[in-house]
1. How high is the relative contact order of region 321-395? Use alpha-carbon pairs under 8 Å, at least six apart in sequence, and give a whole percent.
2. Name the residues whose placed amide hydrogens come within less than 5 Å of the amide hydrogen of residue 89, ignoring near sequence neighbours (fewer than 5 apart) on the same chain.
3. Say a paramagnetic label sat at a point 7 Å from the Cα of residue 277, along Cα to Cβ; which residues of region 346-381 have their backbone N under 19 Å from it?
4. What does the accessible area of residue 547 come to, in Å² to the nearest 10, when a probe of 1.4 Å is used?
5. Can you pull the three principal axis extents for the Cα set of the chain, in Å, largest first?
6. Tell me, what HN-Hα J-couplings in whole Hz come from the Karplus equation 6.51 cos²θ - 1.76 cosθ + 1.60 at θ = phi - 60° for each residue of region 117-127, using x for Gly and Pro?
7. Sorted by packing (mean other beta-carbon atoms within 10 Å per residue), highest first, where do 507-519, 53-65 land?
8. Between residue 157 and residue 641, how high is the FRET efficiency from 1/(1 + (r/R0)^6) when r is the Cβ-Cβ distance and R₀ = 56 Å? Nearest 0.05.
Amino acid sequence: MKYFLLSILILSTAVSFSQGDISLIKSGTFNDGNGNGVADVNETISYNFMVKNTGVETLSNIDISDPLVMVTGGPIELLPDETDASSFVAIYTITQADIDEGRVINQATVSGMTAGGGMVTSLSDNNSFFEDDPTIVLLNSGGIEDAWVFFADKEDVATAIANPLTILTQEAIDRKDLHGVIIDERDVPVNENYIDQVKNTAGITVLAKSKWMNCVYVQGTQPDIDALLDESFVVAVEYADKDLNFLPQPKQKSPKFEAEKTSRIEYDYGAATNQITMLKGDFLHEQDLTGDGMIVAVMDSGFPNITSIPAFSDIVSEGRLLGTYDFVGRQTDVTGTGSHGTRTFSDIGGFMDGQFVGTAPQASFYLFRTEFSPTEVPVEEAYWVEALERADSLGVDVVNTSLGYQDYDNPNYDHSYEDLDGQTTFAARGANHALDKGMLLVTSAGNDGNGFGTVATPADAPGVLSVGAVDPSGNYASFSSHGPTVDGRIKPDIMAQGVDAAVINSSGNVSFSNGTSFSSPISAGVIACLWQARPETTNTELMQIIREASSLFENPTDEMGYGIPDFEEAYDALQNFSIEDQYLENYFAIYPNPVQDQLTLSFPANLNEASIVIVSITGQVVLEQEITRSTPVITMNSFPKGMYLLTVRASENSNTFKIIKQ
């Protein structure tokens, strides 16, 4: 997983603060002394330390302490904004306990002195000057592999589908009914007896499960994992290390693609004004579309202090925080690692009138932790899909994910550009199932525009509305990951502000952050408000309306996709879309037009058969035939190019259409 976060600037009002500040990044590299590819006792880890003076005055007597190792070098002096990456180093000797644990985890502290004699300190982070996550070095202790194990069947499928309240909440059933989504075998839980048998297998650890794909995520040696294929209920194994997948990967089916108000809501958006008005989210709020009645799930790495931060107090006191779950720690506490989730959540649900307003301040929420931020391992994809399944069973409408997957701590697990076709990765497959189940997934495009380049997964999936980043003026942010996908699809789908995006940090203050991590939730909240206007609209219909209401829909680009959406235009289109639905209930319609080969006739609700006559522009009758609802296709591939008139008659209904044959 990569956080799609670049930097944070704290906005302080009437608060005193020190002019001195300091940050530290600590990185570790395993030294494979004997070259055997695994960690052995007495081999070493080299630690490097990058120190930055992030304040506005010179710091002296800068030194580093670490409970794990003796740090050599220093003390040093740094000017404001100066960085040092060469003065401090350390060597750690690996023990058997470390090998048994499979990793070495620790955190250093940097300290320095201001000119006035004040002391400034900071805990280290593994890769950022703006976070404080511990540094973790994974140890390969002898061929432990990660894999998905797929099962042959499920238990009592027919009974479960006939009694859906045994497997889904009423909210989930209502949402599926509203959108015509079928409850099927994918909604039935994984057979717990199968899971228990795998758990009880020597050498195998089960970390996650997926009902949609009927599998579990395991760790073990390759022989132990391969031995699971001897079980009658196991049909396939898919390794995270793709070089180990000699058998074909299991294939999944392709997804198929009010009461009147007398007053208008007006918010004082404060620091969030630009990011909301850029999308015309304020227009939706003025129509009393604030997310009320919509359920949003936020997937992230940690949500510290959410119940005590004033910006979330209305959500908590009004009972709109519907639930939390940590899929990593298997607990309801979602404090997690870092504060990334608190900030992304705030862009949807935060509310401090006059200072900050999220894009869907009246929505209800589930918060799911699916990430352990210090490491980068493929089980995070499995946790994420499992959380999607939980969200679907709870009736969630919109899911925001400010996370993405491309490279891992173990490079054998990395996703290549060819893997990111929207169908191959486990996360993309899960996303497509989620679309099929009726949810709308909004996901950060990624911050690799200047690196790997293209969008990560699950942003590559057709089932995801992926969001890139622009600056406050609407210009492309160079860090924003771009398209196209390997199969030629437009990605990202849309753009929103991801430079100097306003957020609420874990201390409850207004801050500014950079990254597609924030353009995604800003968009997700506005989308929830739009969907509130016509909740009977399907997820795929709504996604297309949003694309068509975007600034570059007619001329999409690799960097900007379809551009910045105008949600006032999308709202108008949604109203017209509803009118079109009513029209189709009562009148004939044809598509496509212009036509090349086959023309399809759409019947009104109360008719099943009709007669048609097609006349050329010169008045010659070129086709007469009877047509039915079950066989509504008219073959025109032999017609010369030009304009024709088609008349449809049935009972008292009659419509004439002008057709262009290409």
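1. Values: 80 pairs, mean separation 25.7, N = 75.
Worked out over region 321-395, it gives 34 percent.
2. 72
3. Counting only backbone N, you get 352-361.
4. Accessible surface of residue 547 is approximately 30 Å².
5. Dimensions of the chain along the principal axes of its Cα atoms: 94, 65, 48 Å.
6. x, x, 9, 10, 9, 7, 7, 6, 10, 7, 7
7. 507-519, 53-65
8. On the way: r = 52 Å, r/R0 = 0.93.
With R0 = 56 Å, the Cβ-Cβ based efficiency is 0.60.
The values are calculated or read from the model by the stated rules, or taken from the named source; none is laboratory data. The shown structure was predicted, so the numbers you read here are calculated from the model rather than taken from an experiment. Counting neighbours? That spans all protein chains shown, and the Cβs are built from the backbone with ideal geometry, glycine included. The protein model used for the area step is the full one, side chains on, heavy atoms only, and it has no ligands, DNA or RNA in it. Shrake-Rupley method; radii C 1.70, N 1.55, O 1.52, S 1.80 Å.
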